Structures are given as C-alpha cells and as structure tokens.
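The values are calculated or read from the model by the stated rules, or taken from the named source; none is laboratory data. All values reported here derive from a predicted model rather than from experimental measurement. Glycine gets a Cβ as well: all are built from the backbone with ideal geometry, and neighbour counts include every protein chain shown. Heavy atoms of the whole protein, side chains included, go into the accessibility calculation; ligands, DNA and RNA do not. Shrake-Rupley method; radii C 1.70, N 1.55, O 1.52, S 1.80 Å.
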Amino acid sequence: TQYPCEVVMFEHQGKGGLRLIGDSVLTLVAANTWGGPTVVEGGTLKFQTAQSYPSGSPLEVRSPGIVDFNNIVRTVPSLSGSGTIRNADVTVNNEIGFRIADALAGKSLHLTGKLSLVNGAKLVVLDPENLVSIPNRAKLDVLVADGGIVGTVLLDTALANDWRISIKGGKICFSKQTGLCITVR
C-alpha cells in the first residue's frame, strides 16, 4: 500500500532517530526506544501510549507538522521548531530552539497544553546567521502555550548582551535590545 508520507529512520550521533515527512497521520502504538531526534516535517505523528514516545528523544516539529501526544504528559530533553504539539502538557529539561526565519514569517511553536520548563532550560537560536535580519524593536513570538508556561528559560549566553527574552502569559518572545540609555544626575 502507498501512503502519502515518508517515515525515515536515521542515525544521529550513534543513536537512531525518526523523521516524518508528508501529509498523513502516523500513529505509533508500541514501545519505542530510539534516542536520536524525533522530527516531524509534515503530517501528524500520534503517540498512542506513554511508551510510544521514546524517553530521551529531542523533539523538533516543523510547520506544518503536528505531534499529537494523545493526552499523555511528556518530558523531552529539548523542543524546537514551528509546528503544533497538541493534546499534552510538555516538560522541557534542557533547551527550546527556534529559527529566526520562522519567527519573522509569523511561525511559532504552538502547544495546546501547558509548557513546564525545568530551571536552567535555555533558549537557543538555530539559525544565528539570520539575527541580522531582525528589525529594531521587533518582538518575535517563539512559542505559544495555550495552557500557560511554568518555570523560567535562560537565553543562550552567546546572545546575552544584545538580545532578550520574555515570558508573558502563554508566550515566549525574543527581541533585540533597544539600546536604551539611562542618565544618572
């Protein structure tokens, strides 16, 4: 049978990973153990049970990709992209990554549930060469969580002098410092 999607198992740093490309829904029902990234570039990847998403696998969702966790709370080491994660509250241990090009195009990562950040989680720019294209005073939405955001995220130290992040309501925003000066008399 032909399906309008492509599932690719690949090796990443000595660990297997999974990439979904296409428009179909792929539902995983068995326990999975790959440790490399899970990448959804299109279509919907649905996890039927808590064991069907492999523990320790970084998750990247690229627009218009969708990950459906089937109302199972998930913890991932890292989360990145600009697609949609639905039907779950997600905890991120290490980092959230985003692309400037996606944010400038109005594409942010969208969670329909709550995002919990383990203290010390970092915000990382995946395409730093595009930092120069951010206009002054621009505020880019990186992530939107309908269920709100709990915890703090730190900016990658390489960006600490010229950039800032803010969490307001259910959004993580990234912006250029405006160069404000304070005069003390």
Inset, instruction - Could you tell me whether the stretch 173-184 includes any residue that is assigned to a strand (DSSP E or B), modelled with pLDDT of 90 or more and open to solvent by 60 Å² or more (accessible area, probe 1.4 Å)? - result: no
Inset, instruction - Could you please tell me which pairs satisfy a Cβ distance under 8 Å, a separation of 6+ or placement on different chains, a first residue in the stretch 65-89 that is within 15 Å of PRO37 (Cβ to Cβ) and basic (Lys, Arg), and a second residue that is modelled with pLDDT of 95 or more and open to solvent by less than 20 Å² (accessible area, probe 1.4 Å)? - result: ARG74/VAL90
Inset, instruction - Among the residues of the stretch 26-53, count how many are more than 27 Å from LYS107 (Cα to Cα) and touching a helix residue (DSSP H, G or I) at 6+ places or on another chain (Cβ under 8 Å). - result: 4
Legend entry - Output for the stretch 11-62, where each listed residue is surrounded by fewer than 21 Cβ atoms within 10 Å (Cβ to Cβ), within 25 Å of VAL142 (Cβ to Cβ) and β-branched (Val, Ile, Thr): ILE21
Legend entry - Within the stretch 146-162, considering residues that are open to solvent by less than 60 Å² (accessible area, probe 1.4 Å), closer than 15 Å to GLY97 by Cα and out of contact with any Asp or Glu (no Cβ under 9 Å at 6 or more places or on another chain), the one modelled with the highest pLDDT: LEU155
Inset, instruction - Six or more apart or on different chains, Cβ under 8 Å: which pairs go from a residue in the stretch 150-169 that's closer than 18 Å to ASP127 by Cβ to one that's open to solvent by 90 Å² or more (accessible area, probe 1.4 Å) and modelled with pLDDT under 90? Could you list them? - result: LEU155/ARG164
Inset, instruction - Could you grab the pairs with beta carbons closer than 9 Å, sequence gap of 6+ or different chains, first residue in the stretch 15-36 and touching a residue at least 24 places away in the same chain (Cβ under 8 Å) and under 11 Å from PRO54 (Cβ atoms), second one of a type in the set (D, E, K, R) and open to solvent by less than 80 Å² (accessible area, probe 1.4 Å)? - result: LEU28/LYS46
Legend entry - Contacts under 7 angstrom Cβ, first residue in the stretch 108-120 being small (Gly, Ala, Ser) and modelled with pLDDT of 95 or more, partner assigned to a strand (DSSP E or B) and open to solvent by 40 Å² or more (accessible area, probe 1.4 Å), 6 or more apart: SER108/ASP141; SER116/VAL150
Inset, instruction - Would you tally the residues in the stretch 125-145 being small (Gly, Ala, Ser) and either in contact with an Asp or Glu (Cβ under 9 Å, 6 or more places away or on another chain) or assigned to a strand (DSSP E or B) (or both)? - result: 1
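Table: residues versus (1) open to solvent by less than 30 Å² (accessible area, probe 1.4 Å); (2) more than 25 Å from GLN48 (Cα to Cα); (3) in contact with a strand residue (DSSP E or B) (Cβ under 7 Å, 6 or more places away or on another chain); (4) outside any loop (DSSP other than H, G, I, E, B).
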| site | (1), (2), (3), (4) |
| --- | --- |
| ASN71 | no, no, no, no |
| ILE85 | yes, no, yes, yes |
| ALA103 | yes, yes, yes, yes |
| LEU123 | yes, yes, yes, yes |
| ARG164 | no, yes, yes, yes |
| ILE167 | no, yes, yes, yes |
